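Everything on this sheet refers to the single structure shown next.
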Amino acid sequence: TNFMNMKVKRRQLLVNKRLQSFFALQIALFFTFCLCIMAIDYFILTELSNARSLAFSDPIRQDPSIFDIPIGYAMMLFALNGAFFYLLSVIFSHRIAGPMMNITRSLNAIHTGDLSTMIHLRKADYLKEIEGNINQVTTGFRQTVNTLNEVINELDDSDEKQKLQAILQHYKTE
């Protein structure tokens, strides 16, 4: 029973079902879109092939083939699709990489002691939940440091007070 509880808690902590479903849906839509574009390409190429075979009818071969079209058309279609898919992948990855870079930069600032740092992501960015959690932890830690500074300032001058002030001077809270 204890093992099952740990397994359920672990699954709850590691997998955000809503975020996972959202990513899975976007990936599925992206691949479906790619397949549709490829089907359209195939249709265009076969239509070009049919038109070419009608214009230059070959009495020996009656069945038009996709390979009857000039290679330039296929290469142009391939290049246009490649550029389009590249653009889509850059847009999709930017919505993930941008927030990750912002969070990493903010975490580095927090690590160096700047507790005034808050993460701000755009409305459409991913990882908004992580942004809120990190900002909440940073706010709590900043409040704790401020409270400790107030308590330390109330202490009489002593070696302990100086040691505590030396420890907390590393953290910037404003």
Problem set entry | Residue-by-residue Karplus 3J(HN,Hα) for region 127-142, coefficients 6.51, -1.76, 1.60, Hz, glycine and proline x | 6, 5, 5, 5, 4, x, 5, 5, 4, 5, 5, 5, 4, x, 5, 4
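On average, how much accessible surface per residue is there in region 77-174, in Å², for a 1.4 Å probe, leaving out ligands, DNA and RNA?
On a per-residue basis, region 77-174 sits at 70 Å².
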Exercise. From the backbone phi of region 158-168, what are the Karplus-calculated ³J(HN,Hα) couplings (6.51 cos²θ - 1.76 cosθ + 1.60, θ = phi - 60°) in whole Hz, Gly and Pro given as x?
Worked result: 7, 5, 5, 4, 5, 5, 5, 5, 5, 5, 7
For this session: Just read off the accessible area of D159 with the full protein assembly in place, 1.4 Å probe, to the nearest 10 Å².
Result: 100
Exercise. With Rg and the Kirkwood Rh both taken from Cα atoms, where does Rg over Rh land for region 83-174?
Worked result: 1.23
For this session: Would you pull out the residues with amide H under 5 Å of D114's amide H, same chain only if 5 or more places away, H placed 1.01 Å from N?
Result: K172
Problem set entry | Efficiency of FRET from Cβ geometry, R105 and K163, R₀ 25 Å, rounded to 0.05 | 0.20
Problem set entry | Accessible area, probe 1.4 Å, largest first, for residues H120, H94 | H120, H94
Exercise. How many nm is it between the label spots at K128 and D156, if each spot is 7 Å from the Cα in line with the beta carbon?
Worked result: 5.5
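Using a 1.4 angstrom probe on the protein heavy atoms only, could you order F22, F85 from most to least accessible area?
Largest accessible area first, the list is F22, F85.
The values are calculated or read from the model by the stated rules, or taken from the named source; none is laboratory data. Since we're looking at a predicted model, the values are computed, not measured. With ideal geometry, Cβ positions are generated from the backbone for all residues, glycine too; neighbour counts draw on all protein chains shown. Just the protein is used for accessible areas: all its heavy atoms, side chains included, with ligands, DNA and RNA removed. Shrake-Rupley method; radii C 1.70, N 1.55, O 1.52, S 1.80 Å.
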